[in-house]
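The numbers here are math on the coordinates, done by the rules we state, and not lab data. The structure presented is a predicted model; accordingly, all values stated were derived computationally and were not measured. Cβ: placed from backbone, ideal geometry, glycine included. Neighbour counts: every protein chain shown.
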Amino acid sequence: MTRAEKLREKIAPFADAIVITDVLNQYYISGFRFTDGYVLVTKESAHIVTDFRYVEAAEKLAPAGFTIVTPARGAEMATYMHDVCAREGVKTVAFEEARITYAEHEKLKDAFGVDFIPSRGVIEQMRRVKDKDEVDKMCAAQKITDDAFTHILSVITPEMTEIEVATELEYFMRKHGGEDKSFDTICVSGSASSLPHGVPRNRKLERGFLTMDYGCVVDGYHSDMTRTVCIGKADAEMKRLYNTVLEAQVAAIEGAKVGMKCAAVDAIARDIIEGAGYHGAFGHSLGHSVGLEIHEAPNFAPRSADFFENGHVITVEPGIYLAGKYGCRIEDMVWAHDGTVTSLTHSKKELIELF
């Protein structure tokens, strides 16, 4: 069953059709990436409504079952979709309430002339469960990300700035097949490593921890990895902190089971960190799902009501941050499938001391 067919089944209890305006959801349902137009799925048909710039690519890349049309622009696209709905007797159209502007909603509602109702996040619910094709794309992105870590260890020098290290990681990933970076690369050293989302600075690497959080995109799908190394020799307390994070991360990965509460997976790592005396130093959730977006649901979080199910790809990234001193985070992506849990990240995790 295609994704469009699955979507048709899911909206059937509450809507006759759905108009998809979000570009990521359009790609997910249609298999075609474009940035100007709509995807319309009714009980009887499916349509990619775009403009002339995309028609040749759409005809080659879009899956069977979609009608591809290229009305002139905006108003004519809406008119085309109105005519489809009128012809098929559509009375209710679902819209992406969390992903559409008020102005766009009003424009489409007026053009369709039928009842518009919220889609209830139906596509996002579908996207939670990754199929093998999606996981293969994330594995390809993660392979490039792992290789970038190996590369940076071979070229980094004490004279480099945080910005230069971040740029080198991004350049390597683009050069080796990444179509984009997953997010703004985090590369912070010394006292700045206590900032979980610190911004790379135009200054030479400080001695102490260097945290690198980065990833790339392949065919629209993201990778996400964090590694912390030490510039210079780590003292006893730094080693204790690092090994506590590592113990927490490994324990959470090994303890995560399919069907387990996401909050319980978070608790595995959190209890180790708290038990080591780092109270309040791990202030974020253990992990987030990854896919077409870098942050998706569900999450490994203390208050999560979700369960870790087959098809979920979620990061495991505990950290300890001592304000004004230093911090450390270690992050892998794990995939639940066939009742087992597999790490998609393969870079070594033991403490690395450079220079």
Could you tell me what % of all Cα pairs in segment 168-281 have separations over 24 Å? 40
Using alpha carbons only, how many degrees (0 to 90, rounded to 10) separate the axis of helix 262-275 from the longest principal axis of the chain? 20
If contacts are Cα pairs under 8 angstrom and at least 6 residues apart, what is the relative contact order of segment 1-143 in percent? 23
Estimated inter-spin distance, Lys107 and His176, nm [label 7 Å along Cα→Cβ]: 4.2
Could you work out the relative contact order of the chain? I mean the mean sequence separation of Cα pairs under 8 Å and 6+ apart, divided by the number of residues, in percent. 14
If you compute Rg and Dmax of the Cα atoms in Å for the structure shown, which of (i) 23.1, 74; (ii) 20.7, 67; (iii) 19.6, 55 do you land on? (i)
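Using only alpha carbon pairs under 8 Å that are at least six residues apart, calculate the relative contact order of segment 244-297 and give it in whole percent.
29
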One would report the antiparallel percent of DSSP beta bridges in the chain, rounded to the nearest 5, as 80
Quick one: Cα centre-to-centre distance for segment 260-283 and segment 303-319, in angstrom? 14
Please work out how much length the chain gains when fully extended from Lys233 to Lys43, using 0.36 nm per residue of separation minus the C-alpha to C-alpha distance, in nm with one decimal. 62.0 nm
Of the peptides 295-301, 208-214, how do they stack up when ordered by the mean number of other Cβ atoms within 10 Å, highest first? 208-214, 295-301
Separation between the Asn310 and Ser154 pseudo-spin-labels, each 7 Å from Cα along Cα→Cβ, expressed in nm? 4.0
Prolate/oblate/rounded label for segment 198-337 (Cα gyration tensor, a/c 1.5): oblate
Under the 7 Å Cα-to-Cβ spin-label approximation, Arg120 and Arg240 lie apart by a distance in nanometres of 5.3
